[in-house]
Structures are given as C-alpha cells and as structure tokens.
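Working notes for the structure below.
Here, each number is a calculation from the coordinates, and none is a lab measurement. Computed from a predicted structure; not experimentally measured. Because the Cβ atoms are built from the backbone with ideal geometry, glycine has one as well, and the counts that use them run over all protein chains shown.
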Amino acid sequence: MKPAFRYSMLNAFPACVLIVVAASVLTSARTPESVPGSTSQVTASPATAGDRQDKSAPAAPAPVTTPNTPQKELTPRERREKAYLKLLEAQRHYAAARGKGFTAASLQAAQQSLREAIELDPTLAEAHTALAEIAFFYLDDIEKAEREAASAVRINGNNLGARRILSRIYTIKSGIFEGNPDQSYSDKAITELREVVRLSPNDAEALALLGEIYMAQGRETQAIEFLTRWAAVPVQADGSFFRAVTKGRAELSRESANARLGEALLRSGRTADAIKAIRWAVAGQPENPTYVDLLGRALETSGAYEEAVADYEKLLKARGVGSAPLTSERDKRFAAYMLQRIVNLRRLAGQTNEAMSAIERMRVVLGNDDPAANIQLVELLREQSKYGEALEAARAARAKHPDHIRLLYLEAATLADLNRVDDGVALLRSRLKGDADDYNGHVAIASLYLDAGRAREAVESARRALELSTPDQQKRHTDALILLSSAQERAGDTKGSEESLRRVLAAEPNNATALNNLGYFLVERNDRLDEALEMIKRAVRAEPANASFLDSLGWVYFKLGKLQEAERHLSDAARRNPASVAIQEHLGDLYQKLGKTELARAAWQKALTFANEAAETARIKAKLNSRTNDE
C-alpha cells in the first residue's frame with residue numbers, strides 16, 4: 001500500500017469513468033462501432049439488468065432459461081454499454097470504500113469488474129488505465145501497472161491517465177533521484193512526460209520532472225525550457241508523487257520552480273536571469289535556507305558581494321535579528337546560517353576587518369556557548385596565514401567544546417599548517433575507535449597527508465576510508481574514491497588515479513568533482529586535452545562559482561594556447577580563492593607567457609606565501625629566481 005497516493009486515486013479515477021459513461025451510455029444517437037471479439041456470448045447479470053429497468057414500472061419476470069436455450073448474441077453497441085456499466089460498477093466499489101480505506105475485497109471486486117469490462121470491450125483503454133492505477137497506487141506492482149498502462153496507450157495514444165502512469169514508472173526507474181541514472185529509462189520517461197505535456201500543457205508535475213531529468217542529463221537548454229514553463233503554470237493541488245520521488249526535497253510550488261530554474265540558468269552562465277528567478281523564490285519563502293543559499297551563490301558568482309550582504313541583512317532584519325543576544329533556538333540557527341554567509345562573502349571580497357566584525361557579531365548574537373563564531377575565526381586566521389593565532393583560537397574553543405568534531409579537525413589542520421603534520425595526525429588518531437565510525441577520521445588523516453605532500457601515506461588512509469564505506473553508502477563511497485584518486489595521482493599512480501575516478505563516473509556520470517579532477521589530471525599530463533576540456537566545462541557548468549573548477553578550466557586553456565580564455569578564468573578563480581597556491585602559481589605562469597613579468601612575480605610571490613609543501617616551495621622559488629624573471 002502507498003497511502004501517500006490514495007487521495008490522488010480516489011479523486012482522479014471515478015471522475016474519468018463517469019465522464020466516459022455519460023458520453024457513451026446516455027448518448028443514444030451514437031452509431032455503434034465495430035468491436036473486435038464481439039462474437040463471444042455474454043449474458044447480463046441481474047444487477048446490470050436491474051440498473052437499466054424503469055424503476056416506476058413493475059418488474060418484468062426474469063426469462064426462463066434451460067441448458068438448451070440459445071444465448072442472445074450482444075450487438076457491439078450493447079457490449080460497449082455493458083462494458084461501461086462495468087466501469088461504473090468498479091467506481092462504486094471505490095465510492096463505497098471512501099472514508100474507511102480500501103480493503104482487499106473492494107480492490108478485488110474493482111479489479112474483477114474492470115477485467116469483465118475489458119472482456120466485453122477489448123478496446124476499452126479506460127479499464128486498462130484503471131487497472132494500472134490500482135497496481136501502481138495500491139498494490140505496489142509497478143510491472144503490472146506498466147503492462148496495463150502500455151495496453152491502454154496502444155489502444156488510445158491520447159489516454160492521459162495511462163501516459164501519466166508510464167511517465168511516473170519510468171521516472172522511478174530512471175534513478176535520477178537516487179544518484180544512479182539509467183539512460184534508457186530516462187529517455188523513456190522523457191518520451192512519456194512529453195506526451196503528458198502534449199495532452200495537458202499546464203501539468204506542473206510533468207513539466208517539473210522534465211526539467212529535473214534534463215538537468216540530470218546536463219541538457220541545460222531543454223531543462224530551462226521546461227522549468228520556465230513550470231514556473232508559469234498554476235500550482236498543482238496534488239504534489240504527492242513529486243514529493244515522494246524527490247524524497248521531500250522539492251514541492252510543486254512556484255517558489256520551487258523558480259529556484260530550480262535559477263539553478264539551471266546559473267549552470268548555463270545566465271547569472272542575471274538566475275538571480276531574478278531565485279529572488280522570486282526567496283520573496284515567496286524568505287525563511288527557506290536552500291533558496292537563500294542559492295541566491296547567495298548566484299550573487300557570489302556575479303561578484304556582487306555587497307548586494308549579497310545587503311540581501312542577507314534584509315532577511316536578518318525581517319526575522320528581528322540585529323546585534324542583541326537571541327534566546328530562540330530557531331532564531332539562532334537562522335542567524336548562524338545568515339551570518340556565516342556574510343562572513344564568507346566578506347572573506348571573498350578581501351574585507352578582513354568586516355569579516356572579523358561579522359564574527360564578533362555572531363559571537364554576541366549566538367552567545368559564548370555556541371562554537372560557530374570560533375570556527376569562523378580559526379578559518380579566517382588560517383586564511384591570513386596567522387597559524388599560531390589560529391592554533392591558539394582552536395585550542396581555546398576546544399577547551400569549551402572538547403567533543404566538537406569540526407574544532408578537532410581545525411586544530412589538526414592548523415598543526416599541519418605549522419608543519420606539524422604528525423602532531424595533527426596523532427590528534428586525529430586519538431579519536432579512532434576501530435569501527436565504521438572511523439570513516440571521517442581516516443578521511444581527515446588522508447587529507448592532512450595529502451596537503452603535506454606525503455602521498456603514499458595519504459593513499460593508505462584513503463584506502464582505509466574506502467574499506468569503511470560500501471557502494472550502498474553512495475556519498476561516502478564516492479568521496480573516498482575521489483580522495484583516493486587525488487592521493488594516487490600525487491603518488492605517481494596515474495593509472496590507479498584515473499581508474500578510481502572512472503569508478504565514480506560509472507555510477508555518477510555528472511559528478512562535478514570527479515569530472516574536474518579527471519580533467520585536471522589529464523591536463524597535468526598533457527594527455528587528451530580536448531577530452532579534459534569537455535569534462536572540466538561540465539564541472540564548471542554544474543558549479544560555476546567553484547574556484548578550483550575555474551582554475552582547472554583556465555589551466556586547460558593555457559595548455560591549449562588560448563591565453564585570453566585562460567586569463568579570464570584564472571583571474572576569476574584567484575578572485576574567489578586568493579589564498580590558493582595552485583591558482584596563484586598558474587596565474588603567474590600565465591602572466592609570464594603573456595610577457596607581464598611584474599604581475600607574474602607578484603602572483604608567484606603570493607603563491608610562495610601560502611605554500612606548505614617542500615616541493616611546491618622549491619618549484620615556486622625556482623621560478624622567482626630564474627634569469628628570465630630577473631630581466
């Protein structure tokens with residue numbers, strides 16, 4: 001049983017049956033159609049005969065029949081009328097069950113009536129559709145539902161109910177909401193959803209699902225077309241299937257439509273249009289953190305940091321959040337989220353003092369017992385290369401919150417910043433328990449080793465994390481494989497690195513991080529640059545504000561000799577993450593190629609400031625000390 005869909009079934013099915021009955025049974029002037037299989041002999045049941053009698057007249061005596069009495073052959077018109085009466089009989093079983101829920105007996109009776117209707121009129125598409133709905137909504141028998149709906153469509157290609165059932169079945173089988181898309185079923189879902197839209201142009205569910213599937217396939221143009229249409233249609237009353245298939249992540253609302261449209265526009269590089277759509281969503285649901293975060297990302301992508309901060313401040317003001325301490329836990333969660341966004345935007349804009357002010361405001365508003373302000377402070381100090389102060393702040397915060405995992409990881413990372421990698425690893429190992437809960441600890445240890453240039457040890461820890469995950473724990477498994485691939489690449493195992501990423505892409509063809517990393521690794525080896533470019537472009541379309549992805553895109557253009565494109569993307573990456581060693585080094589290499597010697601030296605010098613690995617430091621110093629750069 002699937003109670004979530006029961007409302008849809010009870011209200012949708014009887015209406016379509018009654019309409020057909022009224023049109024077919026009560027219109028006496030209709031010319032009978034030739035019906036295949038009309039030669040079989042069927043006698044009317046007493047109930048059916050009674051339904052057709054004049055209630056005001058005395059009942060006629062039932063005809064006396066004997067085994068040798070020949071049965072009257074029904075005309076095609078009579079067979080069709082009886083078939084529709086069987087449909088009406090099935091509808092009565094539903095009506096009788098209203099208010100007390102379906103029983104096995106009522107379902108069986110309805111199914112029997114529908115099967116008899118089909119026997120009377122094999123061309124009755126509505127009966128097949130009703131059987132498909134029963135199988136889909138109440139029996140959880142998707143295969144039977146598919147067979148019956150397909151039969152209905154073969155009889156009548158314009159049967160909306162059957163098309164809708166098939167579209168839902170193929171959407172489920174497409175796996176797009178499970179992160180495991182099946183191309184064949186995705187294409188089948190698209191075909192049926194387009195048929196639903198042809199028959200019902202304002203069907204919000206079909207428009208939304210088309211947008212989702214096209215987004216999952218990376219087909220932004222088609223996604224934008226259908227998401228735009230979804231955002232313009234009236235709200236659909238019953239969104240139970242859409243909520244179920246998206247696992248509650250989305251509704252069939254105008255706000256949800258505009259937010260999703262904004263994401264698609266953002267992926268396609270239409271930032272201004274994206275901001276407009278997302279603002280519409282936020283205006284309708286100003287407390288929805290997903291929409292607010294999406295707006296922040298869109299404004300961040302456009303470089304409109306001050307505008308983004310102003311928007312967040314408006315939302316805080318509307319909620320009554322200023323600079324005074326809060327008491328409501330709900331208000332605290334909202335304020336923490338908004339203020340963290342403001343701190344991040346100030347950091348991106350290079351406004352250190354303003355970022356620090358926002359952190360202190362967070363401390364007052366949330367109270368000294370909340371670790372959020374301390375986390376932001378440690379990250380800001382690390383970004384400024386003030387590692388000693390960052391370590392002191394992390395330890396002070398951990399003294400108040402000794403079991404806070406994020407603070408533990410920050411302290412370990414800061415120790416690594418101070419070239420005390422083994423101390424950081426020891427701190428993390430002290431929390432390992434020898435069970436599956438150690439997954440995050442091994443990931444953190446692998447990351448420390450990787451950042452320190454100790455690739456072989458990173459591979460070992462990443463493999464341990466992978467062992468603690470299983471393919472059914474998809475996110476954990478994927479993250480471990482991506483981390484392992486990075487460690488393998490650093491360790492010189494290029495084949496193993498590519499294999500790890502190919503495993504991710506086999507399960508998740510649109511995984512942006514895997515696409516970016518594999519593309520970047522190919523670029524570093526000067527191997528298959530055209531393939532690398534396409535993969536990195538797909539990653540950037542998925543996350544247009546990701547500095548690492550933009551760096552990869554700029555770097556592949558550099559390798560391809562397209563220096564103007566390289567400069568545009570590398571400069572954008574540096575603006576978004578000015579403390580990245582790789583981005584600054586790449587920017588310096590580009591400027592040298594362009595003959596901009598002073599800019600090259602400035603970028604390399606900045607890269608050297610942030611470099612921790614011995615190999616990085618030596619490489620960058622060599623560039624700064626080269627004869628060419630001295631000229």
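Once you put a point 7 Å from the Cα of ASN625 and another 7 Å from the Cα of ASN353, both along the Cβ direction, what distance in nm separates them? Computed distance between label sites ASN625 and ASN353 equals 3.8 nm.
Each 10 Å bin from 0 upward holds the following percent of the Cα-Cα pairs of the stretch 149-291: 13, 42, 34, 9, 2. The angle separating the long axis of helix 563-576 from the principal Cα axis of greatest extent in the chain is about 90 degrees. In units of the compact-protein estimate 2.2 N^0.38 Å, the chain shows a Cα radius of gyration of 1.28. Estimated from helical segments only, the mean residue ellipticity of the chain at 222 nm is -23000 deg cm²/dmol, where each DSSP H run of four or more residues counts as -39500 (n - 2.57). Each of the peptides 250-258, 267-275, 349-357 was scored by the mean count of other Cβ atoms within 10 Å over its residues; in descending order, highest first, they stand as 250-258, 267-275, 349-357.
Between GLN564 and VAL235, the modelled labels are 4.9 nm apart [label points 7 Å from Cα along Cα→Cβ]. So what's the gap between the Cα centers of the stretch 571-631 and the stretch 473-548, to the nearest angstrom? Result: 24 Å between the Cα centres.
Given a Förster distance of 56 Å, report the FRET efficiency between ASP422 and LEU529 from their Cβ-Cβ distance, rounded to the nearest 0.05. It would help to have the intermediate numbers written out before the result.
Working: r = 39 Å, r/R0 = 0.69.
It comes to 0.90.
Angle, helix 271-284 long axis vs. longest principal axis of the chain, Cα atoms, 0 to 90°, nearest 10? Computed tilt is about 60 degrees. In the chain, the longest principal axis of the Cα atoms and the axis of helix 254-267 are about 50 degrees apart. A protection proxy built from the mean count of other Cβ atoms within 10 Å ranks the segments 213-222, 314-323, most packed first, as 213-222, 314-323.
By how many nm would the segment from ALA283 to GLN605 grow when fully extended, if each residue of separation counts as 0.36 nm and the alpha-carbon distance is taken off?
Details: separation 322, 0.36 × 322 = 115.92 nm, distance 4.49 nm.
Net length gain for the segment: 111.4 nm.
Please find the FRET efficiency linking GLU467 to LYS596, where r is the Cβ-Cβ separation and R0 is fixed at 30 Å, and quote it to the nearest 0.05. Walk me through the numbers before you get to the answer.
Working: r = 48 Å, r/R0 = 1.61.
After rounding, the FRET efficiency stands at 0.05.
Highest mean first, what order results for 545-551, 515-521, 530-536 on Cβ atoms within 10 Å? Walk me through the numbers on the way to the answer.
Details: 545-551: 23.0, 515-521: 25.9, 530-536: 19.1.
Answer by packing, highest mean first, reads 515-521, 545-551, 530-536.
Here the translational diffusion coefficient of the stretch 236-316 follows from Stokes-Einstein with Rh set to the Kirkwood radius across Cα pairs; for 37 °C and 0.692 mPa s it amounts to 253 µm²/s.
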